[in-house]
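Visitor: Dropping the structure in here first, questions after.
The values are calculated or read from the model by the stated rules, or taken from the named source; none is laboratory data. None of the values given here were measured: they were computed from a predicted structure. A quick note on method: Cβ atoms are made from the backbone with ideal geometry, for glycine too, and the neighbour counts reach across all protein chains shown. Only protein heavy atoms, including side chains, enter the accessible area calculation; ligands, DNA and RNA are left aside. Shrake-Rupley method; radii C 1.70, N 1.55, O 1.52, S 1.80 Å.
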Amino acid sequence: MEYFYTVVILMALYVILAASFNFVIGYGGLVSIAHPVFYAIGAYASALLARDMGVPVILAILAGGLIALLASVALALSSLRVSGDYLLIGSIGFQLGTLEVIKNLHWTGGAGGLSNIPSFLTQTLGPQAYVAFAVAVAMCTVLLLRWIAHGPYGRAMSAMRDDELAFAALGRNAMVMKITIFALGSGLAGLAGGIYAHYFRFIAPGQFDLLQSSALLTMVVVGGLRSTWGPIVGAIALEALPQAITFINLPPSVLGPLQGILFTSLVLIFMFVRPQGLIAASARWRGRQEEAR
Amino acid sequence: MQTGLKVTNLCKRFGGIVVADAIDLDVPAGRIVGLIGPNGAGKTSFFNLVSGVVAPDAGQVMLDGEDVTGLKMAERARRGLARTWQNLRLFPSLSVLDNLLIGTRDYPGERLSRLALQSGRIARDETQDRLKALDVLERIGLAGIAHTDIVNVPYGQQKLIGVARALMNDPRCLLLDEPMAGVEGQAYRTLQSVVRGLAASGVAVCVVEHNVAFIRDLCNEGVFMFAGKVLARGDVESLVADPRLTELYFGT
């Protein structure tokens, strides 16, 4: 049963990560790979606040999200000022650099990881409560992002993605909008990080590396860019898949690389065969009212 | 103060190419001024400088007495400076109506914080803007295709929609970049009457157009540009008749 809870919590967390990543690269058109780093920043910030400074866990998780949000604004401000392409380059550097810093700091636990993170809910109300908590946050995330994407803000995001120059010439502030999208998406990833940290109670830099970036990208691309349900399907399917493989009793030395190969080939196959993903988003932006009609 | 657009000593060079050479030009409120001249004369560059796409090396752009030279493109638009584009630049993933809504001067859903805190007010503003957009579409005779995807609209109608999107701004100054290229028949007359109506309501209108007949029908006066300079200004008839200018235009 413990195993089942763990898988459901991981699925919920990947739903948050994939949905928020889809918000950034799909709806926002902001190509970044650093999403797992904001997940890491949220996890570390929340863990350290709760463990070393005695902050109540629920506040620490929220603070973790906020700190990830602020870090993303710093990255966005410096790279988006030049041009959108620099965000990708900046994000690669940020991803590698931040993990390197975490590995070499004393108070983050270094490469060995951070342990003894205070638990939350599991010891008082049982693991089911934590499952409910994670699933609830995931659902709220999906609904929030869907609400934004299908309202007036979503219309503006589509227009900005289509033609930034025309968008700005109509009086719209593209820069503020991009930073907002990036900050919100990254903040949600940070929130997921805190939820991860206080359940597993151990985090290490290796859990947030480039393999995570590729896993998230796979979830979004395979699920369907710019659709509400696509990243959810992608996250659940691709979280279930590696779990399923572990039942085939392969040695761990094969399992790890196999996952990487699986994710990469899935992205390639989908790019060629079904670029719209499992759940295709409409080519055209549709608002709430029009769906109701 | 309704003085329209006033440009003084506007200069811009890209490397060795001078696109604006000390341009002095004013478009008074309520007037329609046509820019004519051969390709490469600097007409579109002039629009890009005025609307803020590129920053000038020197000079000043005034809108109704206010200096907007230091302002970004979006801020100029928010002060009532609207433009269209030679290559339209509509938003392909939006419907006709949604394309227009993005052009609202104070777009209600632009800030996420406002969306969260004042969603009721934004919904009301959106409803009003929708009605306004439908009204603008009615004026150009395209209300029937409001909910069509923009990519399924014929080119001639897309040109009108480009103008309609600029009208959502309630501009004080409107820059039209080759509005007639590819437009025929009914759309031609519609565009003429819409632009005349705007000028009558006090908007300063500046049109770049190769269709001399359109310019002659529409504009109060014409400005002949060549190599980034304003060479002549006067009524369109006399500019077209000037053999000196005709020679420059056709390069004979």
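Visitor: If I take R0 = 22 Å and measure r between the Cβ atoms of A:Gln276 and B:Val151 in this structure, what FRET efficiency does the formula 1/(1 + (r/R0)^6) give, to the nearest 0.05?
Guide: 0.85
Visitor: Give me the percent relative contact order of segment B:93-168, please, defined on Cα pairs under 8 angstrom at least 6 residues apart. Kindly include the intermediate steps, with their values, before the conclusion.
Guide: Details: 67 pairs, mean separation 41.1, N = 76.
Value for segment B:93-168: 54 percent.
Visitor: Same structure, new question: Taking loop as defined by DSSP and a crowding limit of 13 other beta carbons within 10 Å, which GluC sites (Glu not before Pro) in segment B:183-229 fit?
Guide: Sparse-neighbourhood loop GluC sites (Glu not before Pro): B:Glu184.
Visitor: Using unit Cβ charges (K, R positive; D, E negative) and no other charged atoms, how large, in debye to the nearest 20, is the dipole of the protein assembly as shown about its Cα centre?
Guide: Using Cβ point charges on Lys, Arg, Asp and Glu, the protein assembly as shown gives about 580 debye.
Visitor: Moving to a separate point now. How many nm separate the modelled label positions at B:Ala123 and A:Lys103, each set 7 Å beyond the Cα in the direction of the Cβ?
Guide: 5.2 nm
Visitor: Between Rg and the Kirkwood Rh of segment B:93-168, both from Cα atoms, what is the Rg to Rh ratio?
Guide: Result for segment B:93-168 is an Rg/Rh of 1.01.
Visitor: Please state, as a whole number in µm²/s, the translational diffusion coefficient that the Stokes-Einstein equation yields for segment A:2-207 at 37 °C and 0.692 mPa s, with Rh defined as the Kirkwood radius across alpha carbon pairs.
Guide: Value of D from the Cα-based Kirkwood radius: 189 µm²/s.
Visitor: Can you grab the distance from the C-alpha centre of segment A:233-251 to the C-alpha centre of segment B:113-140, Å, no decimals?
Guide: Centre-to-centre (Cα) distance: 47 Å.
Visitor: For segment B:69-98, list residues with backbone N below 18 Å from a point placed 7 Å from the Cα of B:Gln60 toward its Cβ?
Guide: B:69-72
Visitor: Continuing with this model, one more query. Name the helices (complete DSSP H segments) of chain A with a Cα length along the long axis of 27 Å or more and a Kyte-Doolittle mean of at least 0.0, or state none.
Guide: Within chain A the helices that satisfy the rule are A:2-21, A:57-80, A:85-104, A:127-149, A:174-200, A:252-273.
Visitor: Label-point separation (nm) for A:Gln128 and B:Arg189, each offset 7 Å from Cα along Cα-to-Cβ?
Guide: Label-label distance for A:Gln128 and B:Arg189, simple model: 7.6 nm.
Visitor: Order the following by accessible area, largest value first: A:Tyr27, A:Tyr86, A:Tyr130. Probe radius 1.4 Å; ligands, DNA and RNA are ignored.
Guide: Putting A:Tyr27, A:Tyr86, A:Tyr130 in descending order of accessible area: A:Tyr86, A:Tyr27, A:Tyr130.
Visitor: Can you send over the solvent-accessible area of B:Glu110, 1.4 Å probe, protein chains only, in Å² to the nearest 10?
Guide: It works out to around 20 Å².
Visitor: Checking an interface number: how much accessible area is buried between B and A, summed over both chains, with a 1.4 Å probe, in Å² rounded to 100?
Guide: Details: alone 11800 and 13750 Å², together 22650 Å².
In total, this chain pair buries about 2900 Å².
Visitor: So if I take the alpha carbon set of chain B, get Rg, then get Rh from the Kirkwood formula, what is the Rg over Rh ratio?
Guide: On the way: Rg = 18.5 Å, Rh = 18.8 Å.
Over the Cα atoms of chain B, Rg/Rh equals 0.98.
Visitor: Counting only protein heavy atoms and using a 1.4 Å probe, what share of the accessible area of segment A:2-207 belongs to carbon plus sulfur, as a whole percent?
Guide: Details: 5210 of 7430 Å².
For segment A:2-207, the apolar C and S fraction of the accessible surface comes to 70 percent.
Visitor: Using the C-alpha atoms of segment A:169-211, what convex hull volume per residue, in cubic angstrom, is computed? All intermediate terms of the calculation are to be shown ahead of the outcome.
Guide: On the way: hull volume 3.5 nm³, N = 43.
Normalising the Cα hull of segment A:169-211 by residue number yields 83 Å³.
Visitor: Another question, then. With a 1.4 Å probe and all protein chains left in place, how much accessible area per residue does chain B have, in Å²?
Guide: Heavy-atom SASA per residue in chain B reads 41 Å².
Visitor: Take every DSSP beta bridge with both residues inside the protein assembly as shown and express the antiparallel ones as a percent of the total, to the nearest 5.
Guide: 55 percent
Visitor: Step through the table entries B:Lys6/B:Lys43; B:Lys12/B:Lys229; B:Lys159/B:Lys229, compare each Cα-Cα distance with 18 Å, and write down the pairs that go over it.
Guide: B:Lys159/B:Lys229
Visitor: Still on this structure: Any idea what log10 I(q)/I(0) is at q = 0.10, 0.12, 0.13 Å⁻¹ for the protein assembly as shown, Debye with uniform C-alpha scatterers and no solvent?
Guide: Taking Cα atoms of the protein assembly as shown as identical point scatterers yields -0.86, -1.07, -1.18.
Visitor: What FRET efficiency comes out for the pair A:Val135/A:Leu210, r = Cβ-Cβ distance, R0 = 35 Å, nearest 0.05? If you can, show how the numbers build up before the last one.
Guide: Values: r = 28 Å, r/R0 = 0.80.
Given R0 = 35 Å and the Cβ-Cβ separation, E is 0.80.
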